[in-house]
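Reading through the structure tokens given below for one structure.
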Amino acid sequence: MKKIAYFLLVMFATVLLTTSCEEDDPIIPDAPNEGVITLAQLEGQWYFESYLYDGVEWHCGSDIPSDYDNINGIFVNWYFDTDNMTATSDYACSTGEPWTYDDFSKDKNTIKIYNYTFTVISYSNDILKLRLDATPFTYNYLGGILTLDR
């Protein structure tokens, strides 16, 4: 009789535990324009640190073989003005005039500037990592990870 009472108690406790748990909190999608980094966090100057492509991490001063013609065109600093939604770029590793794009947009983890499309991979301690998904140039180094620093 004790075994039956113990068995019924265990069954009752199991049923009680499985049916009385609260429903999981609903998943709330990211607010528009938020994602990994907010517009407020993106605001300001970002400096080129490296570009990881095809297993090689490129820096200013890297010896670039001829098969990677113009890869240094990706080595740029960015200044994001989120009030005017403009992005200004200049060469990180050489001299040249900066240029401003007035069609900068951000939607969650996608940043679009002119014909560039980046996906935000991570943001932590003022280090921003962007994957290059589209570029307006004829050379194609898509899928590489651009690391920028404050």
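What follows draws every value from the coordinates through simple rules; no lab data is involved. Only a predicted model underlies this, so the values are computations on that prediction, with no experimental measurement involved. With ideal geometry, Cβ positions are generated from the backbone for all residues, glycine too; neighbour counts draw on all protein chains shown.
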Could you give the Stokes-Einstein D for the range 76-123 in µm² per second, using the C-alpha Kirkwood radius, 25 °C, 0.890 mPa s? 215 µm²/s
Report the FRET efficiency, 1/(1 + (r/R0)^6), for Tyr114 and Ser66, where r is their Cβ-Cβ distance and R0 is 35 Å, rounded to 0.05. 0.80
Give the residues of the range 41-56 whose amide nitrogen is closer than 15 Å to a point set 7 Å from the Cα of Asp126 in the direction of its Cβ. 41-49
Proximal charge balance of Phe104 [Cβ under 13 Å; K/R count +1, D/E count -1]: -4
Environment charge at Thr119 (Cβ cut-off 13 Å; Lys +1, Arg +1, Asp -1, Glu -1): +3
Report the FRET efficiency, 1/(1 + (r/R0)^6), for Thr38 and Asp81, where r is their Cβ-Cβ distance and R0 is 22 Å, rounded to 0.05. 0.90
Ranked output for segments 83-91, 53-61 by mean other Cβ atoms within 10 Å, highest leading, reads 83-91, 53-61
Isotropically averaged projected area of the range 39-149, using the convex hull of Cα atoms (one quarter of hull area), nm²: 6.8 nm²
